[in-house]
Amino acid sequence: MKKFIETIQNIWKIEELRKRIVYTLLLVLVYRVGCFIVLPGIDATLLASLQSSTSEGLVGLLNMFSGGAFGNASIFALGVMPYISASIVVQLLGMFVPYFRKLQMEGEHGRKKINQITRYLTVAILAIQGPAYMAQVHNQIPGAAFVAVNQLGWSNFMFNIVCTLILMGGSMFVMWLGERITDRGIGNGVSLIIMIGIVARLPYALAAEIGEKFTTTNGGPLLLIVELVALFFVFVAAIALVQAVRRVPVQYARRVVGNKQYGGVRQYIPLKINAAGVMPIIFAQALMMLPLLFGRWDATRGLAATLGNYTGFWYNFIFGVLVIIFTYFYTAVTVNPTMMAEDMKKNGGFIPGVKPGKKTVEFLDNIMSRVTLPGSIFLAIIAILPAIAIILGVNNQFASFYGGTSLLILVGVILDTLQQIESYLLMRHYDGLMKTGRLTGRSGM
């Protein structure tokens, strides 16, 4: 406890770090207030049906990422997910389209161009998602909730156009908040906003779980304690998955530059056990939802019954297999052994016992394939843990924190933020946050 208090005092002593933290908290406060501002012309007291429909499935995941704004018909309902989707598309295009690959290699100029393209693509995605969201609102809440249509005489078309523009402006404003946090605050702003949305749902989920355990005979307080202990161990396991790396030794040959000698130094390439992050789970969830989105089938029979049962064996088996497949696919797209081998060769480095060039590429590719297998299996287990928690009697809302994208995003962003705070402390010659060693975030060692 004393160590913790001293660390807080050291953080507050660093003026730049103090200003960044306060600035971040203020922008987060603005975001959270906006999540409760309902679209103009909608009666906020009649949103119960919309909120209940956004508690499960893929829509429930979107509601969690938006901090409940999706279910509140808020001006921030679409959140930053359109920007995330655009970023993923641009990143994948950089692997296959020469123009985008060239931009990625042009340094700061290329990065600015890519950011500009990403923003334009975000606007295009918002132009599609905005009307789709309004259609969802019209289907879920009663007609009496649309005050602008019923009392002010607006047409549904005009009302939807205005609300779509507001939704687009709200998402772009949230994206701007994330960029401000990245530039002048602490941590990755967009990731931090998603994490805040997830954490904001935790008190409601925990209250629902406590209420269920104390008002029913389903386990009582003892089972609640067991659930919290299990959640702690799952959280620790997720931290291990995020931080785990396989270090490949690289020997740099001796060389002379001017009158200085360099070389004879061994360093390590940290190959992450889970280089794909949460993207395989997101891809797999989206693919599992496609048949239900594009087909109107009987939910009690056939494929719809299989894919609609989130706690069923076949749903989770298929889901886990897809996570493993997408982990290999996304790792192959984002990790380029050929480029790593070329960088080592340019800097006079080589892997001991492995010939430079093609042999080095094959060696790195084999290592990545081997370390990705346990990482993908572990990621698949994390993905299906919420379903296992529901089967064991955990409330649907609280079960989502036992795994999946929410847990991995929560762990990754927390580690990245703490790593940045620790770097400020170490630069000012203060002790870090941990006695056992420096923190490592999603970026590796």
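Counting the residues of segment 11-58 that are in a helix (DSSP H, G or I) and either modelled with pLDDT of 80 or more or surrounded by fewer than 17 Cβ atoms within 10 Å (Cβ to Cβ) (or both) gives 31.
So, residue 318, is that one hydrophobic (A, V, I, L, M, F, W, C), in contact with a Pro (Cβ under 9 Å, 6 or more places away or on another chain) and more than 30 Å from residue 221 (Cα to Cα) or not? Criteria not met by residue 318. Would you point out the residue of segment 383-399, among those that are under 16 Å from residue 220 (Cβ atoms) and of a type in the set (A, V, I, L, M), that is least open to solvent (accessible area, probe 1.4 Å)? Going through the qualifying residues, I end up with 394.
In the set (1) at pLDDT below 85; (2) open to solvent by less than 50 Å² (accessible area, probe 1.4 Å), the condition left unmet by residue 221 is number (2). Could you count how many residues in segment 372-396 are outside any helix (DSSP H, G or I) and not polar (S, T, N, Q)? Matching residues across segment 372-396 total 3.
Residues being at pLDDT 60 or above and not in a helix (DSSP H, G or I): count how many of those fall in segment 270-326. So the count comes out to 13.
Within segment 125-141, can one find any residue that is over 16 Å from residue 39 (Cβ atoms), open to solvent by 40 Å² or more (accessible area, probe 1.4 Å) and in contact (Cβ under 8 Å) with a residue 12 or more places away in the chain?
Within segment 125-141, one or more residues are over 16 Å from residue 39 (Cβ atoms), open to solvent by 40 Å² or more (accessible area, probe 1.4 Å) and in contact (Cβ under 8 Å) with a residue 12 or more places away in the chain.
If you scan segment 355-373, which residues turn out to be under 18 Å from residue 277 (Cα atoms) and surrounded by 18 or more Cβ atoms within 10 Å (Cβ to Cβ)? Within segment 355-373, 368, 371, 372 meet the criteria. Condition first: under 16 Å from the mean Cα position of the chain (by Cα), among the small types (Gly, Ala, Ser) and under 15 Å from residue 198 (Cβ atoms). Now tell me which residues in segment 69-90 satisfy that. Passing the criteria: only 79.
Every test in (1) open to solvent by 40 Å² or more (accessible area, probe 1.4 Å); (2) modelled with pLDDT of 85 or more is passed by residue 174 save one, and that test is (1). Taken as a whole, segment 72-86 holds no residue that is at pLDDT below 85, crowded, with 17+ Cβ neighbours inside 10 Å and aromatic (Phe, Trp, Tyr).
The values are calculated or read from the model by the stated rules, or taken from the named source; none is laboratory data. Note that this is a predicted model, so its numbers are computed, not measured. Backbone-built Cβ (ideal geometry, glycine too); neighbour counts: all protein chains shown. Note: areas computed on protein heavy atoms with side chains; ligands, DNA, RNA excluded. Shrake-Rupley method; radii C 1.70, N 1.55, O 1.52, S 1.80 Å.
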